[in-house]
1. Percent of alpha carbon pairs in segment 83-146 separated by more than 17 Å?
2. Rounded, prolate or oblate: which one fits segment 129-236, using the alpha carbon gyration tensor with axes a ≥ b ≥ c (rounded when a/c is under 1.5, else prolate when a/b beats b/c, else oblate)?
3. Can you tell me the order of 202-211, 86-95 when each peptide is scored by its average per-residue count of other Cβ atoms within 10 angstrom, highest first?
4. State whether segment 63-243 is rounded, prolate or oblate according to the following rule on the C-alpha gyration tensor (a ≥ b ≥ c being the square roots of its eigenvalues): a/c under 1.5 gives rounded; otherwise a/b larger than b/c gives prolate, and the remaining case gives oblate.
5. Which parts of segment 112-156 would a label at residue 90 reach, counting a residue when its backbone N lies under 14 Å from a point 7 Å out along Cα-to-Cβ?
6. Where does each of 98-106, 222-230 land if you order them by average Cβ count within 10 Å, highest first?
7. Taking neighbour counts of Cβ atoms within 10 Å as a proxy for exposure, in what order, fewest first, do 184, 213 appear?
């Protein structure tokens, strides 16, 4: 028996509909894949690779504690004043140049940027990758960044300088928050480094005794108000290579 013309037409229409559905599903899959890839790239720009990998794997263990790590808290003096005098585009360009330089030096020395807060830049060494010389690496990073920022200010006729504080010990880093994730670090070493960065004069790098005992760089003890019983030492060498491993 032959298929009625109306039935054949319905089969053809059904076949066309199926083809259209397949094409639409393919387009949606491609769009979804692209969206996921874009999200991953955004995460990689904001977070360390190890944290991004754990997120992609669906891990909920996004907080890690390292018993042997060093924290650098960097404060950039003059950045806010310069930004206030610039257009939004110029301001963004200046900040991006600083962040790119700091990130490059951090990566070079085995540190990772954790966050920026206004004029502050925080980096840590020894959490994602353990290093026996984490304190020395952190000192090298801060000394190199200080020199690079000084050159940047001279080349662009900008009044800009940095101070830094470093402490070594137990550091916890990770993602916190349920609805809005924030990558942060905390612990006594973080608090001490922040306090030293606020205490340090322009161009100074201050470190705790815990950091000093783990390095061979020249330093002198300082007595600054507000430090309480915390022993602080000022790095006295101007040669960044003396802080390298």
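A short reminder: the numbers here are calculations on the coordinates, not readings from a lab. Predicted model only: the values in this text are computed from it and were never measured. Here the Cβ is made from the backbone with ideal geometry for all residues, glycine too, and neighbour counts use every protein chain on show.
1. Of the Cα pairs, 43 percent sit more than 17 Å apart.
2. The shape class here is oblate.
3. 202-211, 86-95
4. Since a/c reaches 1.5 but b/c is at least a/b, the shape of segment 63-243 is classed as oblate.
5. Those under the cut-off are 156.
6. Per-residue mean Cβ counts within 10 Å order the peptides as 98-106, 222-230.
7. Neighbour counts put them in this order, fewest first: 213, 184.
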